[in-house]
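Before any comments, here is the structure.
Nothing in this text is a laboratory measurement; each read-out follows from the coordinates by a stated rule. Remember, predicted model here, so these are calculated numbers, not experimental data. Neighbour counts are summed over all protein chains in view; Cβ atoms, including those assigned to glycine, are modelled from backbone coordinates with ideal geometry.
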Amino acid sequence: MSALTIFTTTAAVGTAPASRASTTAEAAATATPAVPATRTTDDRRVPAVLGADLEVPVKGGRLVRYANLDYAASAPCLEPVSAAVTAALPAYSSVHRGAGYASQLTTARYEQARHTVRAFVGARPCDSVIFTRNTTDATNLLARSLPEGTTAVVFDTEHHASLLPWADTVRLAPPAFPGEAVRAADEALGGIDGPKLLVVTAASNVTGELWPIAALAHIAHRHGARILVDAAQLVPHRRLNLTALDLDYVVFSGHKLYAPFGVGALIGRADWLSEAEPYLRGGGAVKAVDDDATEWHTDPEARHEAGTPNVLGAIALAAACDALTATGWNALLREEERLIGRLRAGLGAVEGVHELALWGPDHPRVGIVSFVVDGFTAREVAEVLSGTYGIGVRDGKFCAHPFVRHLLGAKDGGCDDVTASAVRASIGIGTTTEHVDRLVAALRELVSRG
């Protein structure tokens, strides 16, 4: 199964629950959308990011334009996202239970955001869309909602958010090639009785490599299992179609999708979520409370979104989804492939710089590259890049300790140092050719001068 299977398109599906907002408020919420801010780059009109003109101090007291190459950790805010939040603030109010106009309007905007996110990932009309704090929160919510006795099957290549929440886990070694991942999942799922869930990333947060999620979904369903896909690193770079891929659950974060307002989402089948204990116990999750009993909502969105939700975060996330869709995935993909190809070629030409990969240099990937530099720790490299050149990268194990140790061990013939780390450069909207060239030149100078 080709990794390109995930590059699918979809029309909007699903509808916002009509019972949660008045027709008048819904009309008002959608009649005056914020106009997306754009800028022209390489003959394309794409949303601008806040902070593109940020200047930072470097050695010698100079100020230089910041080269942000740390998108995989948190992407900057898109201008249309900021505009959508600003537009919503004057009428901001609590949602779902207020009779006042501001509450009705804010409720309509919040539920429209749910509809937008559902359409963005190509979810089924019956799928739940639950707003959470981030990918980790969304994954833990699903972990709390599994039927009793469920076994999770997860690869050691996963982010800790996917690796750690499960009560009963079968962990699989890093596969040597994509087909081995499918074979290992097939074998593991076939040996498990009872409910089972396959957990896998769509794009690695360490190497950027794309996983064969369509083939893995097919294997999971053949064994009567479900599949959860961590799409946190995929959705900022590629179109995802949950329905076409036949995925059961998808999780991702707003802060990696140019909407850094503290929101994430769990999207997927409603039955397990409807039957699970509420993720939080409090207002909004209940139908009725008396002295002897509590009646919880069966609707998963209400059941698991107790308290006042992050309304502005949901509006921001929806605005980011709309902005990326309006820009067009083909244009975004072409520019990303140009930049990441230039970066990888530049790194490969610097003696002593070694890119990390699980499946080799030719495997498809998103705009993420991790590497090590002979003679320097990852922290030393990152600090020099920041303090001397005004370049922001990430160093460490990227919340994927077993995977990074595996990659470093594969390179060095054994990795006993648990503090060993790598450097990660990641790109996105707002990344320029100058940013890429500055990083390559800085590494070349670092290696040559020490």
Considering 248, 230, which residue is surrounded by fewer than 24 Cβ atoms within 10 Å (Cβ to Cβ) and within 27 Å of residue 159 (Cα to Cα)? 248
Out of everything in the stretch 100-116 that is aliphatic (A, V, I, L, M) and buried (at least 24 other Cβ atoms within 10 Å of the Cβ), what residue ends up being nearest to the chain's Cα centre (by Cα)? 113
First in the stretch 349-365 and touching a residue at least 40 places away in the same chain (Cβ under 8 Å), second anywhere and polar (S, T, N, Q) and part of a loop (DSSP other than H, G, I, E, B), Cβ under 8 Å, 6 or more apart: 356/207; 357/207; 358/157; 358/204; 358/207; 365/204; 365/207
Given the conditions (1) surrounded by 24 or more Cβ atoms within 10 Å (Cβ to Cβ); (2) more than 18 Å from residue 116 (Cβ to Cβ), every one holds for residue 189 apart from (1)
Using beta carbons and a limit of 9 Å, which pairs, at least six apart or on different chains, have the first residue in the stretch 217-234 and within 16 Å of residue 272 (Cα to Cα) and the second one outside any strand (DSSP E or B) and basic (Lys, Arg)? 226/269
In the stretch 226-238, is there at least one residue being of a type in the set (Asp, Glu) and farther than 28 Å from residue 78 by Cα? no
Looking for something part of a strand (DSSP E or B) and hydrophobic (A, V, I, L, M, F, W, C) - is there at least one such residue anywhere in the stretch 266-280? yes
For residue 339, only one of the following conditions fails: (1) more than 21 Å from residue 67 (Cα to Cα); (2) touching a residue at least 60 places away in the same chain (Cβ under 8 Å). What is its number? (1)
Here is a check on your reading of the model: is residue 222 buried (at least 21 other Cβ atoms within 10 Å of the Cβ) and either of a type in the set (D, E, K, R) or closer than 20 Å to residue 334 by Cα (or both)? no
If you go through 228, 240, the only one that is among the aliphatic types (A, V, I, L, M) and assigned to a loop (DSSP other than H, G, I, E, B) is 240
